[in-house]
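The block underneath contains the structure these notes are about, expressed in structure tokens.
The values are calculated or read from the model by the stated rules, or taken from the named source; none is laboratory data. All values derive from a computational prediction rather than experimental measurement. Note that we place each Cβ from the backbone using ideal geometry, even for glycine, and neighbour counts take in every protein chain shown. The accessibility values were calculated without ligands, DNA or RNA, using every heavy atom of the protein model including side chains. Shrake-Rupley method; radii C 1.70, N 1.55, O 1.52, S 1.80 Å.
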Amino acid sequence: EEKFANPDRLVLDRRKLTQCPYLEAEDRLRLLNYQNNFISKIENLSNLPNLIFLDLYNNQVKAMENLDHVPTLRVIMLGKNLVEKISGIETLTRLDVLDLHGNQISKIEPFGMLPQLRVLNL
């Protein structure tokens, strides 16, 4: 029902998901919300050509991986996860907001040129 009202967004929060499901025929999807699940790995994003907002707040993600498959991303919400290192975002030249608060990042290393980045929340 919600999908027909808002075909550009998919909210799958609090579904007890342990992985990112493979989404088919979601070319129009711009916002993907996986908040408050048990997801440990970022995956199955390569067939989402218009995704600009990825929300994985409060999961169990350990690594920033497979994000290079979605160069359209502008906002990544990864607060309250298990990320130890900022990586895998070098090709995200449109990235505007990166939220990594409440993770296990102990050292900030150079992570490339991100000309659009305005907000980095650690």
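Summary table below
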item: Residues being surrounded by 15 or more Cβ atoms within 10 Å (Cβ to Cβ) and under 22 Å from Asn103 (Cβ atoms) - total across segment 13-30; result: 2
item: Residue identified as within 17 Å of Arg94 (Cβ to Cβ) and open to solvent by less than 20 Å² (accessible area, probe 1.4 Å) among Leu56, Leu51; result: Leu51
item: Yes/no for Ile39 being hydrophobic (A, V, I, L, M, F, W, C) and modelled with pLDDT of 95 or more; result: yes
item: Ile86, sole failed condition from (1) modelled with pLDDT of 95 or more; (2) among the β-branched types (Val, Ile, Thr); (3) touching an Asp or Glu at 6+ places or on another chain (Cβ under 8 Å); result: (1)
item: Residue count for segment 83-110, restricted to those that are farther than 29 Å from Arg28 by Cα, open to solvent by less than 60 Å² (accessible area, probe 1.4 Å) and touching a residue at least 24 places away in the same chain (Cβ under 8 Å); result: 1
item: Hits in segment 113-122 - residues which are without any contact (Cβ under 8 Å) to a residue 40 or more places away in the chain, loosely packed, with under 14 Cβ neighbours inside 10 Å and assigned to a loop (DSSP other than H, G, I, E, B); result: Met113, Pro115, Arg118, Leu122
